[in-house]
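Novice: Right, I'll just put the structure down here and ask away after.
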Amino acid sequence: MESGCIGMVHSSTTETIKKHLLTKRGCVGVTEDTFLITFNEKIDFLPGQFVMIGVDSHGLTRKPFTIGKFKDNLAISVKTVGEGSKYIVETTTPLEVIGPLGKPFIPLSSNGVVVVAPSCIVEGIHLSEHFDISLHVCSKAPLNKDFISAVSNDKMEFHIGDDAYLQLLNKLKFEKYDWVFITGSKMMEKIGIKKLTGEGGKVVYVSYNEYMGCGIGACKSCAVMTKNGIKHVCSDGPIFRGDEICFQN
Ligand SMILES: Cc1cc2nc3c(=O)[nH]c(=O)nc-3n(C[C@H](O)[C@H](O)[C@H](O)COP(=O)(O)OP(=O)(O)OC[C@H]3O[C@@H](n4cnc5c(N)ncnc54)[C@H](O)[C@@H]3O)c2cc1C
Ligand code: FES
C-alpha cells in the first residue's frame, strides 16, 4: 500500500520517493543472526538503491536497508545488530518505509562479478540476476543449509571463513573481470580494494553502509571524505568506486 509522494523529492532516477507500508510475506534465516524478508507489496527501484525503514520506538531514526528482489518479491536482508534491526525482523506490524533512495548502480561494463556478506545477500542476488553475472557469498559463520538449497543456482558460490574470502580475492585478481562489486562489512571492502585495485587491475565498487539520519540529503549526517571531496552517502551514493574512498581507522 502506498501513502503518497514526499513533496517534490525525487531519487536520482525516474522513480519518485514515496512512503510505503510493507507487509511481510516471509522471513527465512540466512545465518544465526541474518534474515531474508520478503514483502507482499512492490516498489519501483533500480539496483543498488535503498529504503529507510521506521522502527517505531526502537530507534531515533529510520534505518537504511538496500532493497532487492527474491523470487520476484520485494526483499531485504537484515543482520540483527541492535534494537532497530531486531524489530524489523521480529515485528508482525506493517513496516513504514521511505524510498527508493540513493543513486542506482551503473557499472562501467557488463563484465563484472558480485561479492557479498550474508547481510547484503538480497542486493547480491538482485545484481547477479539484473546483470546476469556471478555472485560470491562470503560468510564468517556457516549458512543455513535449507537456505542454501533454496537459493543456489549455477551463478552462485559460497565461501565460509576468512581464509576462503582471501582465496577468492586471489582468484578474482587473475580472472578477466573489469570490475568487482563488494559489500558487507568495511573490513571486507577495505581488503578487497587493497587486493584488487592497483596491481590487481580491477575497478572495485563498494556500497557504503554508513550511519544515516534522514536518507534524503537534508541532515548531512552521512558525510564521508573521498578523493573528490566530501560526499553524502544517501544522495551521492551509496555506491562508490573503491579508488575514490578515503578509509578512516
Ligand atoms: C545504504 C545502506 C544500506 C544498508 N543495507 C543493509 C542491508 O542490506 N542489510 C543490513 O543488515 N544492514 C544494512 N545497512 C546497515 C543497517 O542500516 C544498520 O545495521 C542498522 O541501521 C542498525 O540499526 P539497529 O537499530 O539495529 O542498530 P543500532 O542500535 O543503531 O546499532 C547497533 C550496533 O551496530 C552499529 N551500527 C549501526 N549502524 C551501523 C552502520 N551503518 N555501520 C556500522 N555499524 C553500525 C552501532 O555502532 C552499534 O554498535 C545499510 C546501511 C546503509 C547506510
Ligand atoms: S542521511 Fe541525512 S544527508 Fe544523508
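Novice: For the range 37-69, what are the residues that are more than 10 Å from ligand 1 (Cβ to nearest atom) and in contact (Cβ under 8 Å) with a residue 60 or more places away in the chain?
Specialist: PRO47, LYS69
Novice: If I ask for residues that are under 30 Å from TRP179 (Cα atoms), hydroxyl-bearing (Ser, Thr, Tyr) and within 11 Å of ligand 1 (Cβ to nearest atom), which ones from the range 84-115 would you list?
Specialist: Result: no residue meets the conditions.
Novice: I would also like to ask the following. Take the range 180-223 and flag every residue that is of a type in the set (A, V, I, L, M, F, W, C), in contact with a Cys (Cβ under 8 Å, 6 or more places away or on another chain) and without any contact (Cβ under 8 Å) to a residue 40 or more places away in the chain.
Specialist: The one that is of a type in the set (A, V, I, L, M, F, W, C), in contact with a Cys (Cβ under 8 Å, 6 or more places away or on another chain) and without any contact (Cβ under 8 Å) to a residue 40 or more places away in the chain: CYS222.
Novice: While we're looking at this one, here's another question. Output the residues belonging to the range 195-218 that are within 23 Å of CYS138 (Cβ to Cβ), in contact with a Leu (Cβ under 9 Å, 6 or more places away or on another chain) and in a loop (DSSP other than H, G, I, E, B).
Specialist: Matches in the range 195-218: LYS202 only.
Novice: Being closer than 16 Å to VAL137 by Cβ and touching a Lys or Arg at 6+ places or on another chain (Cβ under 8 Å) is the filter here; which residues of the range 167-194 pass it?
Specialist: Of everything in the range 167-194, those that are closer than 16 Å to VAL137 by Cβ and touching a Lys or Arg at 6+ places or on another chain (Cβ under 8 Å) turn out to be LEU169, LEU172, VAL180.
Novice: Give GLU157, GLU175, GLU189 a once-over and let me know the one that is over 30 Å from GLY59 (Cα atoms), in contact with a strand residue (DSSP E or B) (Cβ under 7 Å, 6 or more places away or on another chain) and either away from ligand 1 (no atom under 16 Å from the Cβ) or not in a loop (DSSP other than H, G, I, E, B) (or both).
Specialist: None of the others qualify; the one that does is GLU157.
Novice: Is it true that some residue in the range 204-223 is away from ligand 1 (no atom under 12 Å from the Cβ) and touching an Asp or Glu at 6+ places or on another chain (Cβ under 6 Å)?
Specialist: No, because not a single residue in the range 204-223 is away from ligand 1 (no atom under 12 Å from the Cβ) and touching an Asp or Glu at 6+ places or on another chain (Cβ under 6 Å).
A quick yes/no check of all residues on (1) in contact with a Phe, Trp or Tyr (Cβ under 9 Å, 6 or more places away or on another chain); (2) under 22 Å from ILE106 (Cα atoms); (3) exposed (fewer than 15 other Cβ atoms within 10 Å of the Cβ):
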site	(1), (2), (3)
LEU168	no, no, no
ILE191	yes, no, no
GLY215	yes, yes, no
MET225	no, yes, yes
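Novice: Within the range 119-130, can one find any residue that is surrounded by fewer than 19 Cβ atoms within 10 Å (Cβ to Cβ) and either touching a strand residue (DSSP E or B) at 6+ places or on another chain (Cβ under 6 Å) or assigned to a helix (DSSP H, G or I) (or both)?
Specialist: Yes - at least one qualifying residue is present in the range 119-130.
Novice: Any residue that is away from ligand 2 (no atom under 16 Å from the Cβ), charged (D, E, K, R), out of contact with any helix residue (DSSP H, G or I) (no Cβ under 9 Å at 6 or more places or on another chain) and within 24 Å of SER109 (Cα to Cα) - is there at least one of those in the range 200-208?
Specialist: Scanning the range 200-208 turns up no residue that is away from ligand 2 (no atom under 16 Å from the Cβ), charged (D, E, K, R), out of contact with any helix residue (DSSP H, G or I) (no Cβ under 9 Å at 6 or more places or on another chain) and within 24 Å of SER109 (Cα to Cα).
Novice: Now, a different point. So, restricting to strands (runs of 3 or more DSSP E) that lie completely within the range 39-90, which ones have at least 3 residues that are within 16 Å of ligand 2 (Cβ to nearest atom) and closer than 16 Å to THR23 by Cα?
Specialist: It comes to 50-53.
Novice: Taking SER185 as the residue in question, decide whether it is within 16 Å of ligand 2 (Cβ to nearest atom), of a type in the set (Ser, Thr, Tyr) and closer than 24 Å to GLY54 by Cα.
Specialist: no
Novice: Another one. SER221: part of a helix (DSSP H, G or I) and within 16 Å of ligand 2 (Cβ to nearest atom), yes or no?
Specialist: Against the criterion (part of a helix (DSSP H, G or I) and within 16 Å of ligand 2 (Cβ to nearest atom)), SER221 does not qualify.
Read the figures in this text as sums done on the coordinates, not as results from a lab. Just so it is clear, the structure is predicted and the values come from calculations on it, not from any experiment. Using ideal geometry, Cβ is built from the backbone for each residue, glycine included, and neighbour counts are taken over all protein chains shown.
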